[in-house]
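No lab work stands behind these numbers, since they all come straight from the coordinates. Keep in mind that what you see is a predicted model, and the values were worked out from it rather than measured. Using ideal geometry, Cβ is built from the backbone for each residue, glycine included, and neighbour counts are taken over all protein chains shown.
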Amino acid sequence: AAASALSMLASTAFAASLTVGFSQIGSESGWRAAETTVTQNQAKERGIDLKFADAQQKQENQIKAVRGFIAQGVDAILIAPVVATGWDDVLKEAKEADIPVILLDRQIEAPDSLYLTAVTSDQVHEGKVAGDWLVKDVGAKPCKVVELQGTTGSSPAINRKKGFEQAIAGHSNITIARSQTGDFTRTKGKEVMESFIKAEGGGKDICAVYAHNDDMAVGAIQAIKEAGLKPGTDIKVVSIDAVPDIFLAMAAGEANATVELTPNMAGPAFDALEAYLKDKKAPAKWIQTESKLYTQADDPKAVYDAKKGLGY
Ligand code: AHR
């Protein structure tokens, strides 16, 4: 026990000498805000000096922030990349400066030699889990789905769409009638859902809404209620993230299922970084987080209570 306490102390002391830049996307969702809090807490616990930059949803701000971190000579950079493409140049600059980069929660289209590792979920799988739930729930009944996509060009929007489509392929009773971006926000989710309801005969023709995140689902629930329909019953609601608010909606019978995405991407990222900087132990290029399905059968109120305080 004494030896392990000593090694923990040594590792904290090592981390305490590190400065890490974090380019965050913004605060579009409850999940995003929690990821920021968890990252800051993880850094504090390890004694890491975290330089935080909020990009307000713009890739150009992220690129500027990363260049700033390189100029400051930080020991490492965390990036939650808002979109999947356009990263090669700035990542090459970080590599030339010998600064390891770790991607958080979203993937990019670039050679993996340009970053140390990516801590993300399998986003295609997330979409598939959501779609599989719907397939099972609907059975043989005809079902017109409307889809609220995440930010255009972001890896979760691309992949969660793909996974859901894979799940419903071969089930000709389930069709995606409309699909549009709601930008991962509540406001946009509500707005787009209102337009779907209008376009689909006042909503009576819609059997389910699939939202790429819970915040858009919460916005959609509001729109469904305002249209005089019952979310969770008249229109099924399935989404991704598992933030506390969706469990409140599930407890009220207004949402049906969600797929969990941990906001703790920083813990595994810092573990990998410390091992790499200390022992030159290169991590796997992909550190995959879990994607657990929750339904109304999971005592949503209890899950809500357990989740509060975990960065949310
Ligand atoms: O990249 C992860 C996604 O981004 C989350 O599902 C969503 O809520 C967030 O804004």
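Here are the numbers for this structure:
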| item | result |
| --- | --- |
| Among 225, 204, 280, residue whose mean-square fluctuation peaks in a GNM of the chain (springs only between Cα atoms under 10 Å) | 280 |
| Cα convex hull of the stretch 135-278, projected area averaged across orientations, nm² | 9.6 |
| Cα Rg over Rh - the stretch 172-250, Kirkwood | 0.93 |
| Relative pair counts by distance (%), Cα atoms of the chain, 20 Å bins | 33, 51, 15, 0 |
| Residue among 156, 168, 41 farthest towards the positive dipole end of the chain, charges placed on Cβ | 168 |
| The stretch 61-122 versus the stretch 13-47: alpha-carbon centroid distance in Å | 15 |
| The stretch 217-256, Rg to Rh (Cα coordinates; Rh as Kirkwood inverse mean 1/r) | 0.93 |
| Within the chain: Cβ-based charge dipole about Cα centre, in debye rounded to nearest 20 (Lys, Arg +1; Asp, Glu -1) | 300 |
| Backbone HN-Hα couplings from phi across the stretch 94-99 [Karplus 6.51/-1.76/1.60, Hz, Gly and Pro as x] | 5, 5, 4, 7, 6, 10 |
| Charge dipole (debye, nearest 20) of the stretch 84-181; +1 at Cβ of Lys and Arg, -1 at Cβ of Asp and Glu | 720 |
| The stretch 234-312: Rg to Rh, with Rh as the Kirkwood radius over Cα pairs | 1.15 |
| Top positive-direction residue, dipole computed over the stretch 210-312 with Cβ charges, set 275, 310, 262 | 275 |
| Between the stretch 202-275 and the stretch 173-199, the Cα center-to-center distance that results, in Å | 13 |
| DSSP-defined antiparallel bridges as percent of all bridges, the chain, nearest 5 | 5 |
| For the stretch 69-153: span of alpha carbons on each principal axis (Å, largest first) | 59, 20, 19 |
| Packing rank of 95-103, 134-142, where each peptide gets the mean count of other beta carbons within 10 Å, highest leading | 95-103, 134-142 |
| Surface/4 of the Cα convex hull for the stretch 123-180, nm² | 3.4 |
| The stretch 116-215: proportion of alpha-carbon pairs further apart than 17 angstrom, % | 51 |
| Max mean-square fluctuation residue, GNM over the chain, Cα-Cα springs under 10 Å, options 294, 115, 276 | 276 |
| More than 15 angstrom apart: percent of Cα pairs within the stretch 153-207 | 58 |
